[in-house]
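This report concerns only the one structure given below.
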């Protein structure tokens, strides 16, 4: 909000043509190549956030929808952190919260007896897809950290987010009474 109580315009023009040369602007005004590791990481975060939005468009239990909304907000915070090099937004508290959510959901599940295959209920399968994107986002942050400083908490948050999405996929299968696909050793197939 501006000082006069009116909403500030953040984006008033979508088409700028400024990226036609293969470079894009960061929030601090600097410009980098569109294939720079920072932009790769931002792109993967955008994909992940979009896929979480698709998952949320399904009819999920209210507690899972709220959790996914919070995760989308957190990913947007992380994207903002990456858009301004040298900025740290995510904190140890965010890390603890994601880990706590994973532990809470996991407490509803039976122990794993075998590796789980992505699948089961369509929502669980989509959640596994989101988990795989979270893992790619984490790898992209590792790549970025090799050339630029990043907030180490952010990388850890993405690691925990992958774990949380794995647990959530399992929980969706359980709550929908859908058998959880499991890996079978070759000798048993």
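The values are calculated or read from the model by the stated rules, or taken from the named source; none is laboratory data. Not measured: the values here are computed from a predicted model. In this analysis, Cβ positions are derived from the backbone assuming ideal geometry, glycine residues included, and neighbour counts consider all displayed protein chains.
Among the residues of region 111-134 satisfying the criterion of being part of a loop (DSSP other than H, G, I, E, B) and without any contact (Cβ under 8 Å) to a residue 60 or more places away in the chain, which is surrounded by the most Cβ atoms within 10 Å (Cβ to Cβ)? Walk me through it before giving the result.
Our first condition is that a residue be part of a loop (DSSP other than H, G, I, E, B); within region 111-134, this holds for 111-115, 117-121.
Checking the rest, the ones that are also without any contact (Cβ under 8 Å) to a residue 60 or more places away in the chain come to 111-112, 121.
Numbers: 111: 5, 112: 11, 121: 19.
Filtering first and then ranking leaves 121.
Among 137, 83, 156, 145, which is the only one that is within 25 Å of residue 44 (Cβ to Cβ), without any contact (Cβ under 8 Å) to a residue 40 or more places away in the chain and either more than 14 Å from the chain's Cα centre (by Cα) or surrounded by 13 or more Cβ atoms within 10 Å (Cβ to Cβ) (or both)? Give the derivation first.
Working: 137 fails: without any contact (Cβ under 8 Å) to a residue 40 or more places away in the chain; 83 fails: without any contact (Cβ under 8 Å) to a residue 40 or more places away in the chain; 156 fails: without any contact (Cβ under 8 Å) to a residue 40 or more places away in the chain.
Testing whether each residue is within 25 Å of residue 44 (Cβ to Cβ), without any contact (Cβ under 8 Å) to a residue 40 or more places away in the chain and either more than 14 Å from the chain's Cα centre (by Cα) or surrounded by 13 or more Cβ atoms within 10 Å (Cβ to Cβ) (or both) leaves just 145.
Can you spot a residue in region 1-23 that is surrounded by 14 or more Cβ atoms within 10 Å (Cβ to Cβ) and at pLDDT below 80? Talk me through it step by step, then tell me what you get.
Pass one, region 1-23, residues surrounded by 14 or more Cβ atoms within 10 Å (Cβ to Cβ): 23.
With at pLDDT below 80 added as a condition, the list becomes 23.
Yes; the residues of region 1-23 include at least one that is surrounded by 14 or more Cβ atoms within 10 Å (Cβ to Cβ) and at pLDDT below 80.
May I ask you to list the residues in region 165-189 that are modelled with pLDDT of 95 or more, farther than 23 Å from residue 48 by Cα and outside any loop (DSSP other than H, G, I, E, B)?
174, 175
For residue 105, are the conditions met, namely being surrounded by 12 or more Cβ atoms within 10 Å (Cβ to Cβ), under 19 Å from residue 124 (Cβ atoms) and either at pLDDT below 75 or more than 15 Å from the chain's Cα centre (by Cα) (or both)? Spell out how you get there, then give the answer.
On the way: surrounded by 12 or more Cβ atoms within 10 Å (Cβ to Cβ): yes; under 19 Å from residue 124 (Cβ atoms): yes; either at pLDDT below 75 or more than 15 Å from the chain's Cα centre (by Cα) (or both): yes.
When the stated conditions are applied, residue 105 passes them.
Has region 50-63 got any residue that is surrounded by fewer than 14 Cβ atoms within 10 Å (Cβ to Cβ), touching a residue at least 60 places away in the same chain (Cβ under 8 Å) and either within 13 Å of the chain's Cα centre (by Cα) or at positive phi (or both)?
The answer is yes, given that some residue of region 50-63 is surrounded by fewer than 14 Cβ atoms within 10 Å (Cβ to Cβ), touching a residue at least 60 places away in the same chain (Cβ under 8 Å) and either within 13 Å of the chain's Cα centre (by Cα) or at positive phi (or both).
Only one of (1) in contact with a helix residue (DSSP H, G or I) (Cβ under 9 Å, 6 or more places away or on another chain); (2) in contact (Cβ under 8 Å) with a residue 24 or more places away in the chain; (3) assigned to a helix (DSSP H, G or I) is not met by residue 69, so which one is it?
Exception for residue 69: condition (2).
Working only within region 30-52, note down all residues that are over 19 Å from residue 144 (Cβ atoms) and either at pLDDT below 95 or touching a helix residue (DSSP H, G or I) at 6+ places or on another chain (Cβ under 7 Å) (or both).
Let us first name the residues in region 30-52 that are over 19 Å from residue 144 (Cβ atoms), namely 50-52.
Residues satisfying the conditions are 51, 52.
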